[in-house]
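This report refers to the structure that appears directly beneath it.
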Amino acid sequence: MFPELNNLLNTTPDRPEQGQLTLLCDARTDGSFLVHHFLSFYLKAHSKVCFVALAQSFSHYNIVGQKLGVSLTTARERGQLVVFEGLKSAVDVLFRAQGEEPHPLQFLREATTGSLKPMYEFVQKSLEPEADGDSAWKQPVLLVDDLSVLLSLGMGAVAVLDFIHYCRASVCRQLKGNVVALVHDHGDAEDEENDLLLNGLCHQSHLILRAEGLATGFCKDVHGQLSILWRRPSQALAQQDQSLTYQYKIQDKNVSFFAKGMSPAVL
């Protein structure tokens with residue numbers, strides 16, 4: 001995890017928020033560093049984590065996690081981390097025999113646009129409390145990287161929004177845990193499905209982190225801009241949302257944040 005980002009969000013692994021949906025969004029840049037931050041953050045917070053990894057392989061996340069001080073392999077072996085590897089499973093689902101238990105990506109075998117109900121059932125089963133109520137882990141967390149992949153595989157935005165809605169009801173409300181999901185903003189006005197997904201998630205989210213590339217193009221000392229928006233979707237409209245904007249530089253094992261125009265390289 002990145003300590004400077006924790007400071008900006010006013011949180012630590014000792015006192016994580018509960019019952020929140022956090023939306024990670026990137027535009028004209030790679031926002032995967034945010035996924036790695038929250039994955040390592042919740043593992044260090046001793047949360048039970050269900051990681052739906054649709055964008056990269058498990059080994060990729062594990063290598064980055066080791067740089068951030070966590071071992072995904074160890075966390076998975078001791079039962080703290082449950083990983084669904086989308087890249088691997090997308091092939092496996094095509095060779096499953098008829099009559100087997102529905103696969104989380106079952107819609108890939110269906111002639112019409114299917115449902116993400118099997119994916120939801122996988123998440124629910126992965127995070128269900130221990131039968132005796134005695135668990136070594138704190139509140140559960142669902143982390144998805146990334147929801148845009150589901151659109152690329154032919155799933156409709158409404159079905160993805162339904163999936164997140166049911167996950168919020170189960171993980172956030174019933175289990176008092178958290179949901180974190182990444183979505184790409186392609187900036188294409190004609191991509192109605194992506195716009196619908198992004199707008200729908202923005203309305204549901206309690207916290208939105210949006211990473212954007214610089215309008216001026218590549219810079220070796222400033223890699224992008226991060227906007228942080230705290231929302232109160234269930235509160236009265238009279239309460240104002242709060243937002244902050246910082247620029248950042250990604251390093252090998254850390255990310256530095258600074259006010260716009262205040263990069264140490266510039267000063």
* **Identity of the residue in the range 64-80, outside any helix (DSSP H, G or I) and at negative phi, that ends up surrounded by the most Cβ atoms within 10 Å (Cβ to Cβ)** => Val70
* To do: Select, from Glu100, Glu4, the only residue that is at pLDDT below 95 and not in a helix (DSSP H, G or I).
  => Glu100
* Answer yes or no: is there a residue in the range 57-67 that is modelled with pLDDT of 95 or more, of a type in the set (A, V, I, L, M) and under 22 Å from Leu127 (Cβ atoms). => no
* Structure fact -> How many residues of the range 135-158 are buried (at least 19 other Cβ atoms within 10 Å of the Cβ) and of a type in the set (Gly, Ala, Ser)? The answer is 2
* To do: Say whether the condition of being assigned to a strand (DSSP E or B), touching a Phe, Trp or Tyr at 6+ places or on another chain (Cβ under 9 Å), modelled with pLDDT of 95 or more and under 22 Å from Thr11 (Cβ atoms) is met by at least one residue in the range 183-200.
  => no
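The rows are residues; the columns are (1) on the phi > 0 side of the Ramachandran plot; (2) touching a Leu at 6+ places or on another chain (Cβ under 8 Å); (3) touching a residue at least 12 places away in the same chain (Cβ under 8 Å).
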site: Phe122; (1), (2), (3): no, no, yes
site: Ser126; (1), (2), (3): no, no, yes
site: Leu142; (1), (2), (3): no, yes, yes
site: Ser152; (1), (2), (3): no, no, no
site: Asp188; (1), (2), (3): no, no, no
site: Gly200; (1), (2), (3): no, yes, yes
site: His203; (1), (2), (3): no, no, yes
site: Phe218; (1), (2), (3): no, no, no
site: Trp230; (1), (2), (3): no, yes, yes
* To do: Would you check which residues across the range 159-199 are surrounded by fewer than 17 Cβ atoms within 10 Å (Cβ to Cβ), closer than 24 Å to Asp30 by Cβ and among the small types (Gly, Ala, Ser) and list them?
  => Gly187, Ala189
* To do: Take the range 26-40 and flag every residue that is of a type outside the set (S, T, N, Q) and closer than 24 Å to Gln66 by Cβ.
  => Asp26, Asp30, Gly31, Phe33, Leu34, Val35, His36, His37, Phe38, Leu39
* To do: Scan the range 241-256 for residues that are part of a strand (DSSP E or B) and more than 18 Å from Met1 (Cα to Cα) and report the count.
  => 4
* Mind listing whichever residues of the range 21-63 are assigned to a helix (DSSP H, G or I), among the β-branched types (Val, Ile, Thr) and more than 23 Å from Ser89 (Cβ to Cβ)? => none
* Among Leu23, Leu43, which is under 15 Å from the mean Cα position of the chain (by Cα) and closer than 18 Å to Val70 by Cβ? -> Leu43
* Structure fact -> Filter the range 104-124 for residues that are over 17 Å from Asp145 (Cβ atoms) and among the hydrophobic types (A, V, I, L, M, F, W, C); the one that is modelled with the highest pLDDT is Phe107
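The values are calculated or read from the model by the stated rules, or taken from the named source; none is laboratory data. The shown structure was predicted, so the numbers you read here are calculated from the model rather than taken from an experiment. Cβ coordinates were reconstructed from backbone atoms using ideal geometry, including for glycine residues, and neighbour counts include every protein chain displayed.
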